[in-house]
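Input: a single structure, listed below in structure tokens.
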Amino acid sequence: MAEIGHGGIEIVERIMDPKEAKEKIKGLKQIPIRSQIANEVIGIAYGFFSPLQGFMGKADVDGVCKNMRLSNGVLWSIPIVFDMSNEEIAQYDIKPGAKVVLTYTDNPMALFEVEEVFEYNKEEMCQAVYGTKEAKHPGCARTYAYKDKFVGGKITLVNKPKINPPYEPYFIPPLQMRKIFKEKGWKRVVAHQTRNVPHTGHEWLMKGAWLQAYGELPIDKPYVGVLVNAIIGEKRKGDYIDEAIILTQDELRKSGYFGDHNHLTSLTFWDMRYAGPKEAVFHAILRTNLGLTHHMFGRDHAGVGTYYGPYDAHILLESVKKDLAITPVYSMNWLYCPHCGEVTSEGLCNHKKEWQKFSGTLIRSIVDDGVKPPRLIFRPEVFDLVMECAEKYGFGSPFVTDEYLQKRTPVFVIPPLG
Amino acid sequence: MAEEKYPINVWVNEERYEKLQKAGLAGMCEEVLAGLKVIKVYANEKQKDEILKKYPTAKFDSATTKSIELLPRKVKDQIFDLVVTKQSVDVLDEFLSKY
């Protein structure tokens, strides 16, 4: 049975048979790509970005920037582009009709069938996607760093990535994910987007969203699941290391705060753009393709600094609701109330003067000061695992350092073509 | 209108608590978040900006806690030592002129 993804279009994996691949790429020019592009090749080939079949051409980029739609009318909020310098275009003889091989970690990764080479005004792209042209916005900085021209065309994976430990069980592409949901008997699945080690505020966000999504369903069997979908991509110094993020999210299930019957952890390769509302729409698309029915959106979803209002993402999502096959679940903040003696929702508790708010940043500061937070705020199993990850993967720190950036084991590599 | 003040949370670990007890200052700690001991050192707007500029890893949590977080541990230790020496949380002017 066909699996239908975003835009009502069937999800089709663009992955070539390895035997056929060797022959098909013989003699083609090879272009090494950076990690952002490799992440996006995976996104396209496995259907995370369905209905995209490749890097966008000018009509798609223009449609996305001007109307938040692809040229075929399907809702899309962030350009997915392949950039090249004029020198590279000349060197590799890139022109419509050309076929080249994209390589990553020195091995062939994907066939790129060039359809178009074009220019696009980067300031216009920034203004349209990020609502600002300021170079200090990380999404704008990424856009301004793009080279001279963009190349549009279809992508087909010729060599599957080898996902390194400890990430391998968490790489679950859309078609496989949908199968797992069916096996679990989940009728509804709510997405938790994260780049964080979970504190109990996050845990209760998930639990609250699970209850919201459950609604009128019968309770004789577990019909609703939470999918933690961690974004794994470019790291900034001071972030939690990726290993700590993915393993601690799963630890909530392993330690019984959730269970197999209602919780699953996975990852998506993507370099965050911090596009706030536009990124929220992108996340909704991504998780639709993964087979989810609901998606949590909290305060300032995927925002940065003061570029977006706290609920701008909710407003934009409401405006495009009919184009999305996923239901947004809007989440209020959870906090600690000493009067209640528990973590509670700001929508429930009325001891407002006594509220003690906490955030991921605050928890990081506590951990930095060498203090183990109380279990009501940060689960002890999660804390212990963070510390274990610091030793095992973080060169002594649970946070990204220069040493981690230089020496970490890559999340995935492309193996030699067998 | 009262001037806005932004806390730097100096979380009190065992080592810091021992120092406070020795100096007879254990009562300076507030207890928050279900049992965490903290000393809050308040910065005004100007001091907040100066601290954030001086220590680029630090972050002002504008969305949730309105506090200055992620100062390096060494810097927190220096602030903490000043609090103990001066027996006061009003130490930021001295801290900023000294370090």
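Of note:
- Looking at segment A:322-418, the helices (runs of 4 or more DSSP H) lying wholly inside it that each contain 3 or more residues that are away from chain B (no Cβ under 13 Å) and open to solvent by less than 10 Å² (accessible area, probe 1.4 Å) sit at A:380-392.
- Filter result for B:ASN44 (within 13 Å of another protein chain (Cβ to nearest Cβ) and out of contact with any Cys (no Cβ under 9 Å at 6 or more places or on another chain)): no
- Of all residues in segment A:62-89 being among the polar types (S, T, N, Q) and closer than 19 Å to A:THR143 by Cβ, the one that is surrounded by the most Cβ atoms within 10 Å (Cβ to Cβ): A:SER77
Table: residues versus (1) buried (at least 24 other Cβ atoms within 10 Å of the Cβ); (2) touching a strand residue (DSSP E or B) at 6+ places or on another chain (Cβ under 7 Å); (3) more than 14 Å from chain B (Cβ to nearest Cβ).
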position	(1), (2), (3)
A:ILE246	yes, yes, yes
A:ARG253	no, yes, yes
A:GLY256	no, no, yes
A:ASP260	no, no, yes
A:HIS263	no, yes, yes
A:ALA275	yes, no, yes
A:THR288	no, no, yes
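- If only residues of segment B:7-40 that are in contact (Cβ under 8 Å) with a residue 24 or more places away in the chain and more than 13 Å from chain A (Cβ to nearest Cβ) are counted, the one that is farthest from A:GLU342 (Cα to Cα) is B:ALA23.
- Cβ-Cβ distances below 9 Å connect the following pairs, each with a first residue in segment A:10-32 that is farther than 14 Å from A:ILE155 by Cα, a second residue that is open to solvent by 90 Å² or more (accessible area, probe 1.4 Å) and not in a helix (DSSP H, G or I), and a separation of six or more residues or different chains: A:PRO18/A:LYS160; A:LEU28/A:LYS99; A:LYS29/A:LYS99; A:PRO32/A:ASP106.
- Residues satisfying the stated conditions in segment B:51-61, i.e. open to solvent by 40 Å² or more (accessible area, probe 1.4 Å) and more than 7 Å from every other protein chain (Cβ to nearest Cβ): B:LEU52, B:LYS53, B:LYS54, B:PRO56, B:PHE60
- Restricting the first member to segment A:96-110 and to residues that are under 13 Å from A:LYS24 (Cβ atoms), and the second to residues that are among the aromatic types (Phe, Trp, Tyr) and in a strand (DSSP E or B), the beta-carbon pairs closer than 8 Å and six or more apart or on different chains are A:LYS99/A:PHE112; A:VAL100/A:PHE112; A:VAL101/A:PHE112.
- Any hit, segment A:48-61, residues being more than 20 Å from A:TYR130 (Cβ to Cβ), in contact with a Leu (Cβ under 9 Å, 6 or more places away or on another chain), touching a residue at least 12 places away in the same chain (Cβ under 8 Å) and open to solvent by less than 10 Å² (accessible area, probe 1.4 Å): yes
- Scanning segment A:108-128 for residues that are part of a strand (DSSP E or B) and open to solvent by 30 Å² or more (accessible area, probe 1.4 Å) yields a count of 4.
- When restricted to residues that are within 14 Å of another protein chain (Cβ to nearest Cβ), open to solvent by 30 Å² or more (accessible area, probe 1.4 Å), in contact with a helix residue (DSSP H, G or I) (Cβ under 8 Å, 6 or more places away or on another chain) and not aromatic (Phe, Trp, Tyr), segment A:305-319 contains 1.
- Flag if B:GLU69 is within 14 Å of chain A (Cβ to nearest Cβ), touching a helix residue (DSSP H, G or I) at 6+ places or on another chain (Cβ under 7 Å) and acidic (Asp, Glu): yes
- Hits in segment A:261-277 (condition: over 30 Å from A:ILE37 (Cβ atoms) and touching a residue at least 60 places away in the same chain (Cβ under 8 Å)): A:HIS261
- Subset of segment A:157-176 (residues that are open to solvent by less than 20 Å² (accessible area, probe 1.4 Å) and within 15 Å of the chain's Cα centre (by Cα)): A:TYR167, A:TYR170, A:ILE172, A:PRO173, A:PRO174
The values are calculated or read from the model by the stated rules, or taken from the named source; none is laboratory data. Because the structure is a prediction, the values reported are computed rather than measured. In this analysis, Cβ positions are derived from the backbone assuming ideal geometry, glycine residues included, and neighbour counts consider all displayed protein chains. Surface areas here come from the heavy atoms of the whole protein model, side chains and all, with no ligands, DNA or RNA. Shrake-Rupley method; radii C 1.70, N 1.55, O 1.52, S 1.80 Å.
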